[in-house]
Ligand SMILES: Nc1ncnc2c1ncn2[C@@H]1O[C@H](COP(=O)(O)OP(=O)(O)OP(=O)(O)O)[C@@H](O)[C@H]1O
Ligand SMILES: [Mg+2]
């Protein structure tokens, strides 16, 4: 098995056709090593979410190759993609995406329901979910529903859910986008800790202080990677990239 | 995903909006209940008809005139009954009946108006399996001699004489005095006739006193009842009677002026009319089941739209299209099965309720319960499938982006 967890070659994603054609990704090449913590930055509309969706096996590229954990996943069918998502990937969304009618425990348990390889009993699932919630500091909120939790707490539930099937990769698309600065710090501390424990994390963010937690910043513009560096100097870090409404 | 877990997930979806789920199942409940009730009502009607006709007596063959058949020269006569009794083999008795207009009946100081009369031959109690309770029926001699004797229905005897014994007492019918020879055993209503409220008298007297004289000659009777020796002898008896009657009436067998029927024939004719009615009811009930199914489809489509984001999330977390499909399909099936169970219970309850109200008789058709229940499940699968495939085909990114 190669060192790279993610190998992306000449990846393209084209929306629409002819006049309305949008090249959301235009020849992206990226490698991510196991255990890396990578931030993706770029202006609004630059293609960050499009890239994340393909990395997360939620979408298939128009062209190019995506090898995840040694397996080409760019041409898999819906069922195979679903099981790759379940086994290999944990998602953290900007808007948390917790099911409102379920307790924190039930929300965290969801990915285990769809786990085809590791079938746990209801009791084991609950124990594991409780442990995951404890690890993000919510051991005393197991039976709270999302509307009884703060934004930061909801995002911590989402992180626990992302971790529950022990995925190879955590994908976080603007995980602090909906949070105040205090909660953002909590979330980044958790991601930082996960990184130290060896988890591979790819995160999209607009905030330079959030990106500062990553070892490596990939800067995307118009569907292309314009810089990829570990030295803390990135064109995306140099300028104010917060918010999605500025023009170039 | 294990089936039990899919059930759990589907159940969560149902309990998400309890009022709406209830209203959705209401369509199925009404459909299933009406199937069961409709079938119970028509089965009850059929049972009532069969019971009444069987109540006429066992192994009966009934001969009646067809009125207004072209070329029919004669109508049913007492002599026909006598000829049948003499010539047909395999029968144990024949009786003829004639119904005069109702009369006023007086006894001591009691006077009752419009009492139905019936004239019969002496074999009436044995042919019709209707024994005398007190005293005896008139015999053939008394019939032939036109003796002024009567036998009373049990209810009429009580009305006229109270607790006194009517035997040997005199009753005045119209202006003629009759002696009471016996009282029939209680029988009640059969085919809309109150057997207990009638006066039974020799048919000879009825023909002589109450029936307008016929220009056709002979003594007209209304019906001839023939008792076959056994069930097996009925077909041969019918054949003999038919050819004998055709000869006597000088009509071809293919164009008779009379009918020869068994009780089964009469039940079958009656059932043919109720069957058409029953089929109509079953269709109406079936349509209401389909309407209930459309209600389920409607709600499931709304539910899929409302829960698009949830579907997208589940897909992101690893739900396969088949997991999503089953979740929504099972949700629809649970809704319709719960509707089916409640519908069966209310259908059975409703059938008993209608039956106990008195005016209607109901008999729950056992087959209607699995039938209605199975139909409900089929409706759930059929009408749940389309919304479920819509859910399963959602694109996870689109679904997650939807608000
Ligand atoms: N489903 C789609 N159909 C057509 N065009 C799309 C679709 N999804 C994205 N795009 C286009 O692709 C480009 C990249 O979009 P993407 O969502 O990846 O941007 P982003 O970098 O995540 O922006 P933001 O920072 O605002 O989230 C945009 O121009 C967008 O309009
Ligand atoms: Mg985005």
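Sum -39500 (n - 2.57) across every DSSP H segment of at least 4 residues in the protein assembly as shown, then divide by the residue count to get the 222 nm mean residue ellipticity, nearest 500. Write out the running numbers ahead of the final one.
Values: 21 runs with 301 residues, N = 651.
So the helix-based figure for the protein assembly as shown works out to -15000 deg cm²/dmol.
Work out the FRET efficiency for residue B:51 and residue B:23 from their Cβ-Cβ distance, taking R0 = 45 Å, and round it to the nearest 0.05.
Working: r = 42 Å, r/R0 = 0.93.
The formula returns an efficiency of 0.60 here.
Per the Kirkwood treatment, what hydrodynamic radius in Å, one decimal, follows for the protein assembly as shown from the mean inverse distance over all distinct Cα pairs?
Values: mean 1/r = 0.0307 Å⁻¹.
That comes to 32.6 Å for the protein assembly as shown.
Dividing the alpha-carbon Rg of chain B by 2.2 N^0.38 Å yields what? Numbers along the way, then the final one.
Numbers: Rg = 33.1 Å, N = 403, 2.2 N^0.38 = 21.5 Å.
After normalising by residue count via 2.2 N^0.38 Å, the value is 1.54.
Could you check which residue among B:142, B:97, B:46 shows the biggest mean-square fluctuation in a GNM of chain B with a 10 Å Cα cutoff?
Result: B:142 has the largest fluctuation of those listed.
For the pair residue B:208/residue B:345, report the inter-label distance in nm, with labels modelled 7 Å from Cα in the Cβ direction.
Inter-label distance under the simple model: 7.0 nm.
How compact is the stretch A:108-235 by the rule of thumb for globular proteins, expressed as Cα Rg over 2.2 N^0.38 Å? Walk me through the intermediate numbers first.
Details: Rg = 16.2 Å, N = 128, 2.2 N^0.38 = 13.9 Å.
Relative to the rule-of-thumb radius for its length, the stretch A:108-235 sits at 1.17.
How far apart, in nm, are the 7 Å Cα→Cβ label points at residue A:19 and residue A:120?
Going by the 7 Å Cα→Cβ label model, 5.4 nm.
Any idea what Rg and Dmax come out to for the stretch B:37-165 if you just take the C-alpha atoms, in Å?
18.5, 56
Averaged over every viewing direction, what's the projected area of the C-alpha convex hull for the stretch B:60-262? Give it in nm², one decimal, please.
Details: hull surface 45.9 nm².
For the stretch B:60-262, averaging the hull's shadow over all directions gives 11.5 nm².
Taking a label point 7 Å from the Cα of residue B:132 along the Cα→Cβ vector, which residues of the stretch B:221-260 have an amide N closer than 13 Å to it?
none
For the stretch B:293-403, what is one quarter of the convex hull surface built on the Cα atoms, given in nm²? Provide the component values of the computation, followed by the final result.
Working: hull surface 31.7 nm².
One quarter of the hull surface, i.e. the mean projection, equals 7.9 nm².
Which whole-number percent is the relative contact order of chain B (Cα, under 8 Å, 6+ apart)?
Details: 736 pairs, mean separation 121.6, N = 403.
Relative contact order here is 30 percent.
Based on the Cα atoms of the stretch B:223-287, what semi-axes does the equivalent ellipsoid have, where each is the square root of 5 times one gyration tensor eigenvalue, given in whole Å with the largest first? Provide the component values of the computation, followed by the final result.
Values: eigenvalues 232, 47, 14 Å².
Equivalent ellipsoid of the stretch B:223-287: 34, 15, 8 Å, largest first.
Over chain B, with a Gaussian network built from C-alpha contacts below 10 Å, which listed residue (B:25, B:15, B:274) shows the highest mean-square fluctuation?
Comparing B:25, B:15, B:274 in the GNM, the peak value goes to B:15.
How many nm separate the modelled label positions at residue B:389 and residue A:127, each set 7 Å beyond the Cα in the direction of the Cβ?
It works out to 4.4 nm between the two label points.
Of all beta bridges DSSP finds with both residues in the protein assembly as shown, what is the antiparallel percent, to the nearest 5? Provide the component values of the computation, followed by the final result.
Working: 56 of 82 bridges.
Restricted to the protein assembly as shown, the bridges split so that about 70 percent are antiparallel.
Of the peptides B:127-133, A:104-110, how do they stack up when ordered by the mean number of other Cβ atoms within 10 Å, highest first?
On the way: B:127-133: 17.1, A:104-110: 24.4.
Those peptides, ordered most packed to least, come out A:104-110, B:127-133.
Given a Förster distance of 41 angstrom, what is the FRET efficiency for residue B:139 paired with residue B:269, based on the Cβ-Cβ distance and rounded to 0.05? All intermediate terms of the calculation are to be shown ahead of the outcome.
On the way: r = 35 Å, r/R0 = 0.86.
Using R0 = 41 Å, I get an efficiency of 0.70.
For the stretch B:60-262, what's the relative contact order in percent, using C-alpha pairs closer than 8 Å and at least 6 residues apart?
Details: 425 pairs, mean separation 74.1, N = 203.
Relative contact order of the stretch B:60-262: 37 percent.
To the nearest 0.05, what FRET efficiency results for residue B:223 and residue B:254 with a Förster distance of 22 Å applied to their C-beta separation?
0.45
Gaussian network model of chain B, Cα springs within a sub-10 Å range: biggest mean-square fluctuation belongs to which of B:220, B:361, B:248?
B:248
Quick one: Kirkwood hydrodynamic radius for chain A, alpha-carbon pairs, angstrom, one decimal?
On the way: mean 1/r = 0.0539 Å⁻¹.
For chain A, inverting the mean 1/r across all distinct Cα pairs yields 18.6 Å.
Each value in this text was obtained by applying a stated rule to the coordinates, not by laboratory testing. Nothing here was measured: the structure is a model prediction, and the numbers come from that model. When we count neighbours, we look across all protein chains shown, and the Cβ atoms used for this are built from the backbone with ideal geometry, even at glycine.
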